[in-house]
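Undergrad: The structure that follows is given in the form of structure tokens.
What follows draws every value from the coordinates through simple rules; no lab data is involved. As the structure is a computational prediction, the values presented were derived from the model and not from experiment. Cβ coordinates were reconstructed from backbone atoms using ideal geometry, including for glycine residues, and neighbour counts include every protein chain displayed.
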Amino acid sequence: MSANPTIAHTEIDPLRRQFRQAMAYLGAAVNVITTAGPHGRCGITASAVCSVTDAPTTLLVCLNRSSAMHSVFDGNRHVCINVLPASLENIARHFAGLTGLSMEERFKLPVWDEGDSGVPVLRGALASLQGRIVEAKDVESHAVMFVETTDIRVRADGDSLIYFDRNFHRVPRAWKTL
């Protein structure tokens, strides 16, 4: 432990640093998760999304509990997981807070439809899965939210956008020839 208490609080434990690096190499789909309701409207860019089961159709989404948006998602309980195509990388950047665009300005972009319960659905998404948070479990810094889907839209074209090694990357669709 450092003799300087200020440094001790800002240094990251070597195991955590290695874990973060290992997770940077875990390529994952880029998603914009949205919500709307009595607690407000907001969205985040997230790669911590995973299928759980297809009966009932359920996903999990991990959200940092210290995020200002955590309480909005938790209060509204209605969400849409929008799986982004490579062509919408700019939307991922906006909702990751990388462009300086306010939340209100993000939702004024002409790319949104209104889904069930007023939740914003990204028009050009590869897939949009609307649903309700049916359970949430706090695991240290994050909430693991289980979302049971109520409506699913899927596109038949477009390349995928993944996050790998702390950058966005296009993954071309592999077209099958008959």
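Undergrad: What residue among PRO38, PRO120, PRO85 shows peak mean-square fluctuation when the chain is described by a Gaussian network model with Cα springs under 10 Å?
TA: PRO38
Undergrad: Rank THR35, THR149, THR57 by mean-square fluctuation in a GNM of the chain with C-alpha springs under 10 angstrom and give only the top-ranked residue.
TA: Result for the chain, Cα springs under 10 Å: THR57 fluctuates most.
Undergrad: If the only charges are +1 at each Lys and Arg Cβ and -1 at each Asp and Glu Cβ, what is the size of the charge dipole of the chain around the Cα centre, to the nearest 20 debye?
TA: I would put it at about 360 debye.
Undergrad: May I ask you to derive the FRET efficiency for PHE19 and ALA96 from their Cβ-Cβ distance with R0 = 25 Å, giving the value to the nearest 0.05?
TA: On the way: r = 21 Å, r/R0 = 0.83.
That gives a FRET efficiency of 0.75.
Undergrad: Between PHE19, PHE164, PHE107, find the one with the highest GNM mean-square fluctuation for the chain; connect C-alpha pairs within less than 10 Å.
TA: PHE19
Undergrad: If you don't mind, another one. So what is the 222 nm mean residue ellipticity for the chain from helices alone, if each DSSP H run of at least 4 adds -39500 (n - 2.57) and you divide by all residues, rounding to the nearest 500 deg cm²/dmol?
TA: The helix contribution divided over the chain gives -5500 deg cm²/dmol.
Undergrad: Among LEU88, LEU109, THR35, whose Cα sits farthest toward the positive end of the charge dipole of segment 29-164 (+1 at Cβ of Lys/Arg, -1 at Cβ of Asp/Glu, about the Cα centre)?
TA: Most positive-ward Cα: LEU109.
Undergrad: Extension gain ASP159-LEU26, at 0.36 nm per residue separation less the Cα-Cα distance, in nm?
TA: 46.0 nm
Undergrad: While we're on this one: In percent, how large is the relative contact order of segment 1-159, given Cα pairs closer than 8 Å and 6 or more residues apart?
TA: Relative CO of segment 1-159 lands at 24 percent.
Undergrad: Which one of ALA127, VAL144, THR45 is farthest out on the positive end of the charge dipole of segment 29-164, using unit charges on Cβ (Lys, Arg +1; Asp, Glu -1) and the Cα centre as origin?
TA: Working it through, the farthest residue towards the positive pole turns out to be THR45.
Undergrad: While we're looking at this one, here's another question. Reported to two decimal places, what Rg/Rh ratio describes segment 75-178 when computed on Cα atoms with Rh from the Kirkwood expression? Can you show the working numbers first?
TA: Working: Rg = 15.2 Å, Rh = 15.4 Å.
Radius of gyration relative to Kirkwood radius: 0.99.
Undergrad: If you fit an axis through the alpha-carbon atoms of helix 14-24 and take the longest principal axis of the Cα set of the chain, what angle between them do you get, 0 to 90°, nearest 10?
TA: It works out to around 20 degrees.
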